[in-house]
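The values are calculated or read from the model by the stated rules, or taken from the named source; none is laboratory data. Fair warning: this is a prediction, and the values are worked out from it, not measured in the lab. Cβ coordinates were reconstructed from backbone atoms using ideal geometry, including for glycine residues, and neighbour counts include every protein chain displayed.
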Amino acid sequence: MSEIKQKAQGINPYIEARDVTRLSKLANTNIYEALNIVGNRAKTIAVELKKELHSKLDEFASATDTLEEVHENKEQIEISKFYERLPNPSTIALHEFMEEKISFKSKDEA
């Protein structure tokens, strides 16, 4: 299991209210920069999950399928359902940010 999937196991996939002032305090900046940090991390998580999903689904793909011969592959369906049940990448990124697991530099520090 990948690192992201392990992190996502304990996260509530449903929408929750967040303390906006805590977000800005964690980033030592304003709320917009904090959300930018979370958004960039969410993009990274989404790309990693997409690559992982496609690599797993490609294992079951056959090159001989045509439109008329497409058949159900139960393994592919189960893998897809697992990834669908994972929390949204932005939810994972926000959770990481609130747990202070994301490292970042502000423009002033660079």
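Yes/no matrix, rows are residues, columns are (1) at pLDDT below 90; (2) outside any helix (DSSP H, G or I); (3) of a type outside the set (Asp, Glu):
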site	(1), (2), (3)
LEU23	yes, no, yes
LEU26	yes, no, yes
ASN36	no, no, yes
ALA61	yes, yes, yes
GLU72	yes, yes, no
TYR83	yes, no, yes
ALA93	no, no, yes
GLU96	no, no, no
ALA110	yes, yes, yes
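State yes or no: is LEU53 assigned to a helix (DSSP H, G or I), hydrophobic (A, V, I, L, M, F, W, C), at pLDDT below 85 and more than 30 Å from SER106 (Cβ to Cβ)? When the stated conditions are applied, LEU53 does not pass them.
For segment 1-21, a residue qualifies if it is β-branched (Val, Ile, Thr) and outside any helix (DSSP H, G or I), and the qualifying residues are ILE11, ILE15. Would you confirm, using the coordinates I've provided, whether ILE102 is within 20 Å of the chain's Cα centre (by Cα), at pLDDT below 90, assigned to a loop (DSSP other than H, G, I, E, B) and crowded, with 16+ Cβ neighbours inside 10 Å? For ILE102, the condition - within 20 Å of the chain's Cα centre (by Cα), at pLDDT below 90, assigned to a loop (DSSP other than H, G, I, E, B) and crowded, with 16+ Cβ neighbours inside 10 Å - is met.
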